[in-house]
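The values are calculated or read from the model by the stated rules, or taken from the named source; none is laboratory data. Please read all numbers here as calculations on a predicted model, not as lab measurements. Note: ideal-geometry Cβ built from the backbone for every residue, glycine included; neighbour counts use all protein chains shown. Areas reflect the complete protein model, heavy atoms only, side chains present, ligands, DNA and RNA absent. Shrake-Rupley method; radii C 1.70, N 1.55, O 1.52, S 1.80 Å.
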Amino acid sequence: MKLRIARDELLTGLQRVQGVVEKRNTMPILSNILLEAKSEGVDIIATDLELGMRGLYKAAVKEPGSITLSARKLYEILKELPNGEIELTVGANNWATIQSGKSQFKIVGLPSTEYPALPVIEREGLTPLAGAGLANLIRKTIFAVGDNDARYILNGLLITLNVSDKKTTLRLVGTDGHRLAVADQEISGSAGKEGPREIKAIIPKKAALEMRHLLEEGDGDPLIGFTKNLMIFRKSGLLLTSRLMEGTYPNYQQVIPKDKEPDKRVTVSKPELEGALRRVAVLSRDKTNAVKVTFTSGKITLFSSNPDFGEATEELPAQYKGESLTTGFNARYLLDVLGIVDGESVTLQMDAPLSPCLVREPGNNGFTCVVMPVKV
């Protein structure tokens with residue numbers, strides 16, 4: 001195998017797969033990427049057995065062939081090299097030579113025959129999406145997805161694709177049991193040939209993060225599709241596949257309070273609430289980040305105390321006309337929600353001190369968040 005490739009082209013491909021490559025050394029070959037040189041360029045492939053990515057990159061291939069090399073080491077080498085052409089040659093015993101100007105590196109690889117095969121993907125039946133819209137839906141929900149939660153299914157993002165005669169809508173739901181985020185958007189017109197249908201799938205958080213990274217690059221709109229146990233995501237020559245998570249997602253609709261009682265709704269400036277929460281949380285207890293929140297006519301009062309350090313109080317103006325209500329929140333959970341609110345104001349609504357708190361963006365019906373209170 002022998003090829004010449006622009007350093008930036010290869011570096012782009014390596015940057016994209018860094019998040020896919022398996023970090024834990026369960027199978028040494030999973031920390032490698034597979035390079036396949038062919039007449040039209042070089043394919044860069046990475047997988048951790050759950051998630052797979054393949055992309056074709058421009059290269060002048062003198063001798064076709066394939067090799068697997070350490071994704072991290074190859075990336076570190078390329079980061080240090082100046083811009084320009086790189087020559088990659090694979091010799092005996094899977095040794096690869098990287099030549100750039102007067103710099104030369106020799107790194108040992110593993111045979112490509114040992115690399116796990118990516119699933120074979122049909123090109124038919126994929127739904128086109130608006131890239132910016134999907135990226136925004138992921139941003140609005142990914143923060144609520146569990147991290148290594150004991151309830152396995154909460155480590156995934158629920159995707160619902162609803163295709164009717166008039167429109168296609170995409171809904172994403174994330175929850176870790178402490179907070180819940182639901183975001184939906186109309187993404188295209190009618191169902192076309194296949195007719196109305198609803199597709200539900202749960203994808204791992206890692207897959208959603210990789211999708212977001214690819215979408216943030218811009219360059220064209222993606223296609224998405226689902227088979228029985230696989231999500232397929234295509235975008236400008238790149239293919240991302242993810243195994244779907246098996247299990248039943250919680251009935252999240254039950255948790256969302258009904259937005260019917262205006263007198264229990266507090267409207268407050270988002271930047272003011274965010275700043276006040278950050279300040280008051282400095283003196284909250286480390287593990288719980290608990291901040292006491294009191295809603296009274298025309299204002300919100302935040303209070304925290306820590307027996308080792310002291311206490312903090314802050315008042316801020318708010319539109320509220322209901323009865324006085326005192327509750328408590330993990331400040332980090334509320335700050336995570338405020339961090340993805342786009343408007344200048346936010347509404348909070350709850351029926352009782354320990355009932356779920358409904359958080360909405362005024363004027364945006366496509367986003368709903370619920371944060372569970374804590375005892376303070």
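A simple spin-label model places the labels of ILE153 and TRP95 5.4 nm from each other, with each point 7 Å out along Cα-to-Cβ. A 1.4 Å probe run over region 148-274, with the rest of the protein chains in place, finds 51 Å² accessible per residue.
Over 31 Å between Cα atoms, which of LYS321/LYS375; LYS167/LYS206; LYS260/LYS375; LYS260/LYS287; LYS235/LYS258 qualify? From the list (LYS321/LYS375; LYS167/LYS206; LYS260/LYS375; LYS260/LYS287; LYS235/LYS258), the Cα-Cα distance tops 31 Å for LYS260/LYS287; LYS235/LYS258.
Positive-end ranking of VAL346, ASN93, LEU158 along the dipole of the chain, with charges on Cβ about the Cα centre, is headed by ASN93.
Placing unit charges on C-beta atoms (Lys and Arg positive, Asp and Glu negative, everything else neutral), compute the dipole magnitude of region 255-376 about its Cα centre in debye, rounded to 20.
Result for region 255-376 is approximately 240 debye, rounded to the nearest 20.
Taken one residue at a time, the phi angles of region 141-153 give Karplus couplings (6.51, -1.76, 1.60, θ = phi - 60°) of 10, 5, 4, 8, 6, x, 10, 6, 5, 4, 7, 3, 5 Hz. Gly and Pro are set to x. Remark: the Cα gyration tensor places region 114-176 in the oblate category, a/c being 1.5 or greater and a/b not exceeding b/c.
Rounded to the nearest 20 debye, the dipole magnitude of the chain is 300 debye, with +1 charges on Lys and Arg beta carbons, -1 on Asp and Glu beta carbons, and the Cα centre as origin.
For region 1-41, the residues whose backbone nitrogen is under 16 Å from a point 7 Å from the Cα of ARG72, taken along Cα to Cβ, are 15, 17-33. Please report the carbon-and-sulfur percent of the accessible area for region 188-322; probe 1.4 Å, protein heavy atoms only, DNA, RNA and ligands left out. Reported share for carbon and sulfur atoms: 48 percent. Only one item in (1) 40; (2) 33; (3) 25 matches percent of Cα pairs over 35 Å apart derived from the coordinates shown, and that item is (1). Per-atom-type breakdown for region 140-184 gives carbon and sulfur 47% of the accessible area (1.4 Å probe, protein chains only). May I ask for the distance between the Cα centers of region 111-151 and region 279-304, given as a whole number of Å? One Cα centre to the other: 37 Å. Between ARG279 and THR113, the simple spin-label model (points 7 angstrom out along Cα→Cβ) gives 6.9 nm. For the chain, modelled as a GNM with alpha-carbon contacts under 10 angstrom, which of PRO356, PRO64, PRO307 fluctuates the most? Fluctuation is largest for PRO307. For PHE226, the residues whose modelled amide H falls within less than 5 Å of its own, excluding neighbours fewer than 5 places apart on the same chain, are ILE232. Between the beta carbons of VAL255 and LEU56, assuming R0 = 51 Å, the FRET efficiency works out to 0.70 to the nearest 0.05.
Positive-end ranking of THR313, GLY275, ILE77 along the dipole of the chain, with charges on Cβ about the Cα centre, is headed by ILE77.
Axis angle, to the nearest 10 degrees, between helix 270-281 and the longest C-alpha principal axis of the chain: 90 degrees. Just checking the listed ones, LEU172, LEU223, LEU88: in the Gaussian network model of the chain with Cα springs under 10 Å, the one fluctuating most is LEU88.
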